[in-house]
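Below is one structure, written out as structure tokens, with a few remarks after it.
The values are calculated or read from the model by the stated rules, or taken from the named source; none is laboratory data. Source: prediction; values computed, not measured. Here the Cβ is made from the backbone with ideal geometry for all residues, glycine too, and neighbour counts use every protein chain on show.
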Amino acid sequence: MTSRVALVTGGTGGIGTAIVKRLASLGHKVATNYRDEAKAKAWQQKLKAEGVDATIVPGDVSDTASAEGIVRAVEQRLGPVEILINNAGITRDTTFHKMTAAQWHEVINTNLNSCFNMTRPVIDGMRARKWGRIVQISSINGQKGQYGQANYAASKAGMHGFTISLAQENAKFGITVNTVSPGYVATEMVMAVPEDVRNKIAAQIPIGRLGEPDEIAYAVAFFVNEEARWITGANLAINGGQYMGW
Ligand code: CAA
């Protein structure tokens with residue numbers, strides 16, 4: 001298997017950590033960005049103890065210049081970025097009539113504008129080398145909407161619009177661009193939903209439980225695989241059956 005350089009944004013989070021570990025286990029050289037140095041170093045040590053080497057670089061994906069800095073730092077340390085996983089994301093849940101402009105912009109900047117910020121600095125190299133894998137980590141709530149998430153759902157739906165345009169523009173360059181749309185996975189983000197609300201949501205999942213981060217990482221590895229070369233512009237729902245759009 002060819003070892004590639006993979007950059008996973010928000011790699012220290014719940015789903016991000018699972019993606020980092022899985023790509024590393026496949027032999028890829030994996031990097032992620034961080035904003036909190038102490039937290040990121042502790043995370044890196046923990047992974048090292050488990051036998052996983054992850055490169056960490058400082059930077060904020062919601063800021064165009066900072067995001068470019070992340071890409072250039074990874075290039076310097078590991079080589080050109082061949083696999084990009086746009087995973088970093090936040091929630092600022094509240095009903096729209098109470099939502100502030102700050103809550104709207106923070107979510108759009110971190111979840112959606114980050115896709116521009118991170119992908120723009122890697123796309124020329126991927127096109128020149130005629131190989132690339134880009135995966136957006138969107139959400140079930142970008143597909144079905146969610147009470148209290150007008151900002152988040154808009155950002156996540158936007159990510160797939162980005163995917164299907166980029167997929168068309170870069171298909172001839174050996175670059176595939178796909179979306180994974182996780183449902184409710186047992187991470188800090190989902191556990192922050194009030195328990196009573198979360199229990200009601202969990203009851204709507206036919207498989208009968210929240211997802212595990214590695215069940216999302218599995219699909220990312222699938223899209224990244226060399227043999228997935230004819231799969232582009234797809235949106236793979238992984239949600240325990242909670243939403244079955246087509
Ligand atoms: N459908 C219809 N009505 C709903 C509703 C729903 N899904 N959810 C709440 N309501 C109603 C309640 O019944 C209540 O009605 P009454 O006032 O008539 O009793 C009312 O909304 C409560 O409204 P408030 O504005 O007072 O609610 P709040 O400010 O306390 O909280 C909320 C609202 C922030 C949206 C809260 O319900 C919440 O956190 N919901 C969960 C949102 C969610 O799913 N977030 C996902 C986070 S994880 C993630 O995003 C990862 C991923 O990709 C899946």
TODO: Inspect the stretch 146-153 for any residue being within 14 Å of V180 (Cβ to Cβ), out of contact with any helix residue (DSSP H, G or I) (no Cβ under 7 Å at 6 or more places or on another chain), within 13 Å of the ligand (Cβ to nearest atom) and at pLDDT 95 or above and give the result as yes or no.
DONE: no
Task: Complete set of residues in the stretch 181-230 that are of a type in the set (S, T, Y) and touching a Ser or Thr at 6+ places or on another chain (Cβ under 8 Å) - done: S181
- [ ] Can you tell me which residue among V122, V135, V71 is surrounded by 20 or more Cβ atoms within 10 Å (Cβ to Cβ), closer than 25 Å to G211 by Cα, in contact (Cβ under 8 Å) with a residue 24 or more places away in the chain and away from the ligand (no atom under 12 Å from the Cβ)?
- [x] V135
TODO: Any chance you could count how many residues in the stretch 71-114 are under 14 Å from the mean Cα position of the chain (by Cα) and within 22 Å of K130 (Cα to Cα)?
DONE: 4
Task: Every residue from the stretch 206-246 that is more than 22 Å from T17 (Cα to Cα), β-branched (V, I, T) and free of Cβ contacts under 8 Å to residues at least 60 places away in the same chain - done: I207, I231
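Give I15, I70, I19, I83 a once-over and let me know the one that is modelled with pLDDT of 95 or more, in contact with a helix residue (DSSP H, G or I) (Cβ under 9 Å, 6 or more places away or on another chain) and over 17 Å from V220 (Cβ atoms). Steps first, please.
Numbers: I15 fails: over 17 Å from V220 (Cβ atoms); I19 fails: over 17 Å from V220 (Cβ atoms); I83 fails: over 17 Å from V220 (Cβ atoms).
Result: I70 is the single residue among I15, I70, I19, I83 that is modelled with pLDDT of 95 or more, in contact with a helix residue (DSSP H, G or I) (Cβ under 9 Å, 6 or more places away or on another chain) and over 17 Å from V220 (Cβ atoms).
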Task: Of the criteria (1) more than 24 Å from S139 (Cβ to Cβ); (2) in contact (Cβ under 8 Å) with a residue 40 or more places away in the chain; (3) not aliphatic (A, V, I, L, M), which one N86 fails - done: (1)
TODO: Could you grab the pairs with beta carbons closer than 8 Å, sequence gap of 6+ or different chains, first residue in the stretch 182-196 and over 13 Å from T91 (Cα atoms) and in contact (Cβ under 8 Å) with a residue 60 or more places away in the chain, second one more than 9 Å from the ligand (Cβ to nearest atom) and of a type in the set (F, W, Y)?
DONE: G183/Y243
Task: Given (1) free of Cβ contacts under 8 Å to residues at least 60 places away in the same chain; (2) touching a helix residue (DSSP H, G or I) at 6+ places or on another chain (Cβ under 7 Å); (3) assigned to a helix (DSSP H, G or I), number of the condition H160 does not satisfy - done: (1)
- [ ] Please verify whether the stretch 174-181 includes one or more residues that are near the ligand (Cβ under 9 Å from one of its atoms) and surrounded by 15 or more Cβ atoms within 10 Å (Cβ to Cβ).
- [x] yes
Task: Tally, over the stretch 193-241, of residues that are within 14 Å of the ligand (Cβ to nearest atom), within 18 Å of Q136 (Cα to Cα), assigned to a helix (DSSP H, G or I) and not β-branched (V, I, T) - done: 2
- [ ] Need at least 2 residues that are closer than 19 Å to T179 by Cβ per element, so show me which helices (runs of 4 or more DSSP H) inside the stretch 35-134 make the cut, counting only ones lying wholly within it.
- [x] 114-129
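Residues of the stretch 1-34 being of a type in the set (V, I, T), in contact with a strand residue (DSSP E or B) (Cβ under 7 Å, 6 or more places away or on another chain) and not in a loop (DSSP other than H, G, I, E, B), which ones?
First, pick out the residues of the stretch 1-34 that are of a type in the set (V, I, T): 2, 5, 8-9, 12, 15, 17, 19-20, 30, 32.
Subset that is in contact with a strand residue (DSSP E or B) (Cβ under 7 Å, 6 or more places away or on another chain): 5, 8-9, 12, 15, 19-20, 30, 32.
Listed by number, the residues that qualify are V5, V8, I15, I19, V20, V30, T32.
Report, by residue number, each residue of the stretch 81-103 that is more than 12 Å from the ligand (Cβ to nearest atom) and crowded, with 17+ Cβ neighbours inside 10 Å. Spell out how you get there, then give the answer.
Taking the stretch 81-103 as the starting set, the residues that turn out to be more than 12 Å from the ligand (Cβ to nearest atom) are 81-86, 88, 100-102.
V81, E82, I83, L84, I85, N86, A88 - these are the residues of the stretch 81-103 that are more than 12 Å from the ligand (Cβ to nearest atom) and crowded, with 17+ Cβ neighbours inside 10 Å.
Just wondering, is there one or more residues in the stretch 46-56 that are farther than 24 Å from K21 by Cα and of a type in the set (S, T, Y)?
For the stretch 46-56, residues farther than 24 Å from K21 by Cα and of a type in the set (S, T, Y): absent.
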